[in-house]
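Asks: My structure is below; once you've seen it, I'll send some questions.
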Amino acid sequence: MSRRPWQKLAGGLWVASSFRPQPAGEPTPGRMKSSCVLLTALVALAAYYIYIPLPSSVSDPWKLMLLDATFRTAQQVSNLIHYLGLSHRLLALNFIIVSLSKKSAWSSAQVKVTDTDFDGVEVRVFEGSPKPGEPLKRSVVYIHGGGWALASAKIRYYDELCAAVAEELNAVVVSIEYRLVPKVYFPAQINDVVRATKYFLQPEVLHKYSVDPDRIGISGDSAGGNLAAALGQQISQDANLKNKLKVQALIYPVLQALDFNTPSYQQNVNSPILPRYVMVKYWVDYLKGNYDFVEAMTVNNHTSLDVEEAVALRARLNWTALLPPSVTKNYKPVVQTAGNARIIQEIPELLDARSAPLIADQEVLQQLPKTYILTCEHDVLRDDGLMYAKRLESAGVEVTLDHFEDGFHGCMIFTSWPTNFSVGIRTRNSYIKWLDQNL
């Protein structure tokens, strides 16, 4: 039998020369295998959380999944903060949004940016350079979106959008920092934008900013589009205002809360960024309603046939007549015979045209200016915009309907890295082009 060589280690211990001690900190095969299994499990969980089924036609689907997952995470964190009693969920969520994207009023060689207030309402003003030979500038009053509760005129997304409009149109853009839910509720938001706009329309203020009083428009996206539409209706009805609006531009606006089962609500019930249940909750928050009503409202129990106040108004958004067959497809109206009359009794603002501009009287619509409405296919609010366009056209208003088949709700503000979407760039360019040609 052969003899194995031995060697003496420090401390006097003799071991076979074939023995190799494991270096300190070096992973063992078993440990490496466990790490790989854990890493694989974490990757699988992350993929499961991020992935949502999306139509192949939507713009940049994987990037949209990541954006949606980020927003859902922020919502869940804010819900936890609310549950622990540390803050209202909407305050917490908006704190996260603003903290991650707030931008100071930085001017450039092309656009002067200042923060000020108009009649007590905070605004951010973007002053583009005047065109040669045109001492007076065009102007746009802009109202940001965010479910009446989120975002700000001072976050990067809206700052960049308004700066781009001011630069490309050589215009003055007034971006309104209206107050938000839950600090205030309807109609405080409308009152803020009306007050700031009326202040701006005063001759001495227009003179200060070198604005042409005949070339002023209003605009807004999502909930801001709702406020812009309500603002346009109020301004057009105000006989005391000498300066009127030349145009209004509404970007995927939310315009009604009577029917949460239009074809676009049914088609996009679980769409990213703004699924139906989230939109219904925004309405309940805005109108200071009861969360117990949310489920009933999603199936239109608040506007059932036994709710007399709603029946006549529903005729104004009869989508079977207002929408073309290419949109209605095989979707069926959801009209309950008996519902919950208590909802309208406790939230009568659901039937107020100031909250739901789509249900305004025909006489009001007839006085509105030339209108641009941008809609997106993958958006619960698509049909709100389409129906408003149809009602405006029937009232004799000139309307440009700009529809994007690969668009999703909120896309127009996502134009710069890391949230740059091709449809975001195209919608913004189309919007600015229309303003340039019509304002």
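The values are calculated or read from the model by the stated rules, or taken from the named source; none is laboratory data. Keep in mind the model is a prediction, meaning the values are calculated, not measured. Heads up, the Cβs are rebuilt from the backbone with ideal geometry, glycines too, and the neighbour counts pull from every protein chain shown. The accessibility values were calculated without ligands, DNA or RNA, using every heavy atom of the protein model including side chains. Shrake-Rupley method; radii C 1.70, N 1.55, O 1.52, S 1.80 Å.
Asks: Can you give the FRET efficiency for residue 57 and residue 98, using 1/(1 + (r/R0)^6), R0 = 41 Å, r = Cβ-Cβ distance, to the nearest 0.05? Don't jump to the answer; show the numbers that get you there.
Replies: Working: r = 33 Å, r/R0 = 0.79.
In this case the efficiency is close to 0.80.
Asks: Also, I was wondering about something else. Over what distance in Å are the Cα centres of the stretch 409-435 and the stretch 190-252 separated?
Replies: With the stretch 409-435 and the stretch 190-252 each reduced to a Cα centre, they are spaced 23 Å.
Asks: What do you get for the angle between helix 29-50 and the principal long axis of the chain? Use alpha-carbon atoms, 0 to 90 degrees, nearest ten.
Replies: 10
Asks: Using a simple spin-label model with points 7 Å from Cα along the Cα→Cβ vector, what separation in nm is obtained for residue 320 and residue 214?
Replies: For residue 320 paired with residue 214, the spin-label model returns 4.8 nm.
Asks: While we're looking at this one, here's another question. Give me, ordered by chain and number, the residues 5 or more places off residue 400 or on other chains with an amide H under 5 Å from its own placed amide H.
Replies: So residue 400 has HN proximity to 371, 372, 373.
Asks: Still on this structure, I have one more. Taking the alpha-carbon distance from residue 154 and a cut-off under 18 Å, which aspartates and glutamates remain once sequence neighbours fewer than 8 residues away in the same chain are dropped?
Replies: 115, 117, 122, 127, 167, 177, 192, 221
Asks: Here is a further query. Search the structure for amide H atoms under 5 Å from the amide H of residue 147, placed 1.01 Å from N in the peptide plane, and list their residues when 5 or more places away or on another chain.
Replies: Counting only residues 5 or more places away or on other chains, the set is 223, 224.
Asks: Amide H to amide H, which residues 5 or more places from residue 122 or on other chains are under 5 Å from it, using H placed in the peptide plane?
Replies: Distant-sequence amide H within range of residue 122: 177.
Asks: Taking a ≥ b ≥ c as the square roots of the Cα gyration tensor eigenvalues, with a/c under 1.5 meaning rounded and otherwise prolate when a/b beats b/c, else oblate, which class fits the stretch 245-383? Spell out each step's value before the answer.
Replies: Values: a/c = 1.42, a/b = 1.22, b/c = 1.16.
Because its axes are fairly even, with a/c under 1.5, the stretch 245-383 counts as rounded.
Asks: Which number gives the lysine pairs in the stretch 185-337 that have C-alpha atoms under 16 Å apart and are eight or more places apart or on different chains?
Replies: Details: 198/208; 198/242; 198/244; 198/246.
Pairs that pass both the separation and distance tests number 4.
Asks: Do the sum for the chain: with -39,500 (n - 2.57) for every DSSP H run of n ≥ 4, divided by all residues, what is the mean residue ellipticity at 222 nm, to the nearest 500 deg cm²/dmol?
Replies: Details: 17 runs with 182 residues, N = 439.
The per-residue figure over the chain is -12500 deg cm²/dmol.
Asks: A further question on this structure: Please list, in order along the stretch 282-297, the HN-Hα scalar couplings obtained from phi with the Karplus expression 6.51 cos²θ - 1.76 cosθ + 1.60 (θ = phi - 60°), rounded to whole Hz, x for Gly and Pro.
Replies: 4, 4, 4, 5, 4, 9, 6, x, 9, 4, 5, 7, 4, 4, 5, 5
Asks: In the stretch 278-362, carbon and sulfur make up what percent of the accessible area (probe 1.4 Å)?
Replies: 50
Asks: Now for a different question. Which ³J(HN,Hα) values, rounded to whole Hz and listed in residue order, are derived for the stretch 67-76 from phi using the Karplus coefficients 6.51, -1.76 and 1.60 in 6.51 cos²θ - 1.76 cosθ + 1.60 with θ = phi - 60°, glycine and proline given as x?
Replies: With coefficients 6.51, -1.76 and 1.60, one gets 5, 5, 5, 5, 5, 5, 4, 4, 5, 5 Hz.
Asks: How much accessible area does residue 82 have with a 1.4 Å probe, in Å² rounded to the nearest 10?
Replies: Looks like 80 Å² after rounding.
Asks: Considering all projection directions equally, how large on average is the shadow of the alpha-carbon convex hull of the chain, in square nanometres?
Replies: 33.3
Asks: Using a 7 Å offset from the Cα along the Cα-to-Cβ direction at both residue 294 and residue 312, what is the distance between the two label points in nm, to one decimal?
Replies: 3.3
Asks: Using θ = phi - 60° and the Karplus relation 6.51 cos²θ - 1.76 cosθ + 1.60, list the HN-Hα couplings for the stretch 261-269 in order, rounded to whole Hz, with x at every Gly or Pro.
Replies: My calculation for the stretch 261-269 gives 9, 5, x, 6, 5, 6, 5, 10, 3 Hz in order.
Asks: Quick one: work out the % antiparallel among DSSP beta bridges in the chain, nearest 5.
Replies: Numbers: 18 of 46 bridges.
Of those bridges, close to 40 percent are antiparallel.
Asks: Then there is this: Helix 223-237 versus the longest principal axis of the chain: what angle, 0 to 90°, nearest 10, using Cα atoms?
Replies: Helix 223-237 sits at roughly 10 degrees to that axis.
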